Amino acid sequence: MTAALPESHRDLLERPLFAHLATIRPDGGPQSSAMWFDWDGARVRFTHTTTRQKYRNLLSEGRVSFHVQDPEHPYRTLEVRGRVESMDPDPDATFYRRLQARYGMEHPVFDADVRVVIVVAPSTFVAVDGGMTKAEVVALEKLLSNLATDEET
């Protein structure tokens, strides 16, 4: 877990992958949805509408977490935790159309009048490779080194 995006997992935010965005419902329970997103190197942007539960969740609780998985290596994942900085109207669906192009899925936008751009400022990144975090890999390497040393003596 780090405050900076590990270079080893930067591509997961740069590629058009799906993020599973988790928000907190009014009853305190989680709500998770697959979402399109865009990463500008500092902030993550999502699009949504003001008519759905996720938007209402974000109005009352701005903490979020989202998870991105490498489709070629499913045990290589990145969790990003952060806080919503803003939710600005996108009445012409300009950002939504940009995401459509990024994800190769262009179609008419019927809800442009209620679209918003959600900007998330990341605070924590959890990079996992092979099902293990960096700290777990270090601990395993230390254990294996100790075992090798024990065998030699």
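In whole Å, what is the distance between the alpha-carbon centres of region 88-145 and region 1-40? When both Cα centres are located, 4 Å separates them. Between 0 and 90 degrees, the angle of helix 134-152 with respect to the longest Cα principal axis of the chain falls at about 10 degrees. With θ taken as phi - 60° and the Karplus curve 6.51 cos²θ - 1.76 cosθ + 1.60 applied, the whole-hertz 3J(HN,Hα) list for region 32-37 is 10, 9, 6, 9, 7, 8 Hz, x standing for glycine and proline.
Any read-out appearing in this document is the output of simple, stated calculations on the displayed coordinates, not a laboratory observation. All of these numbers come straight from a predicted model, not from anything done at the bench.
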